[in-house]
1. Run the 1.4 Å probe and let me know the accessible area of residue 307, rounded to the nearest 10 Å².
2. Name the residues whose placed amide hydrogens come within less than 5 Å of the amide hydrogen of residue 125, ignoring near sequence neighbours (fewer than 5 apart) on the same chain.
3. Heavy atoms only, probe 1.4 angstrom, no DNA, RNA or ligands counted: give me 59, 153 ranked by accessible area, highest first.
4. Identify the chymotrypsin sites (Phe, Trp or Tyr not before Pro) of the stretch 223-310 meeting these criteria: DSSP loop state and at most 13 other C-beta atoms within 10 Å of the C-beta.
5. Any of 223/252; 103/304; 86/154 with alpha carbons more than 18 Å apart? Name them for me.
6. Once Rh for the stretch 98-210 is found with the Kirkwood sum over Cα pairs, what is the Stokes-Einstein diffusion coefficient at 37 °C and 0.692 mPa s, in µm²/s?
7. If you count only protein heavy atoms with a 1.4 Å probe, what accessible area per residue comes out for the stretch 260-312, rounded to a whole Å²?
8. Using a ≥ b ≥ c from the Cα gyration tensor of the stretch 103-160 (square roots of the eigenvalues), is it rounded, prolate or oblate, where a/c under 1.5 gives rounded and otherwise the larger of a/b and b/c decides, a/b for prolate?
Amino acid sequence: MKYRLSLRAWEVNEMESIEYEESEQFAGLAEEERIYSGCLPEGDFTIAFVDGVRRIDYTAYVWDDVNKASYEGIFATIGAGAILLKPNSLNLLENSLCEQTVKRVFAVNGDLDKGEFKNLDYQIEAITDREISLGLLGILREEEAKVARKVWTKKRPHLIVCDGTLKYRIKGANCVGFIKTIKKLFLNKEQAYLLQELKKGERTPIIRVHHQTKVEEREESEKYTWYVKLSDTEGMGSLARIEIFKEQDFEKIRRIANLTAGILPLFASTPFQDPRSPQNLLPIRVLENMLRKYLGVSNMARRKLQEAFLNA
């Protein structure tokens, strides 16, 4: 065999992409500088939540005998799915889970000969432009974006909430990104008081945001963003940042912003339900638990990798 692998069973360090939190992307307010109250939907309203999970099956060290080079790799199983809900209705779990997908990937920071791994149930993904854990996170985000697009095409919900920053391929859908980890603010110091004055069910003004990724810059795509207060607790942990692509009509974006401020607190978790409360929304928590079941048994995945390499 051209390659020799040594497998390691411990987890890789968890990393999150921080490119969407650069404060220099703040481009000013798109509304009057004040607090805005949220509103609840009327009539037959449907909302979809999209998220993904990942499991590290093995980390690996790859030695290339031909090129005399070494690479780091991650064997991972990732899953993405969506749950569709009607507020103020009985939502049975078996009927709410409307889309799910599972993918096994071998993320590696080198260009490998895929033919050497054709018998493996893992798709090779070369990651050479960033840290490998961030590359794996990017693959997961792409799967989530595909799920969101399918839900929009098949179900046409009134609103789709994607956990994390939005991918470009979701443009055109009534889709918002839900960012619960706030690292830097899209407000200047003089406007930061707005966050302190927010009450549950309220939002900040809509904020203009410059390009966040090279793809968005190439496609001349920009976003709007705003902050929503999810619970009555104090501090940044009670807030979430929402974002949406700018191509839609601004009045429609304003209505969506008011909806997110009104409806998302209804789905916020409590400390009794989730230690990541209130930012880890209950539908997201349920979806994550369901998706982990679809990933299969981790011991079986590891055993197959051991048989493929350790006994080679």
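The values are calculated or read from the model by the stated rules, or taken from the named source; none is laboratory data. Computed from a predicted model, the values in this text were never measured in an experiment. As a convention, Cβ positions derive from the backbone with ideal geometry for all residues, glycine included, and neighbour counts pool all protein chains shown. Keep in mind that these areas ignore ligands, DNA and RNA; they rest on the heavy atoms of the full protein, side chains included. Shrake-Rupley method; radii C 1.70, N 1.55, O 1.52, S 1.80 Å.
1. Solvent-accessible area, nearest 10 Å²: 110 Å².
2. Result for residue 125 returns 106, 107, 108.
3. 153, 59
4. Answer in residue order: 272.
5. Those over the limit do not exist; all pairs fall within it.
6. D = 189 µm²/s.
7. On a per-residue basis, 55 Å².
8. oblate
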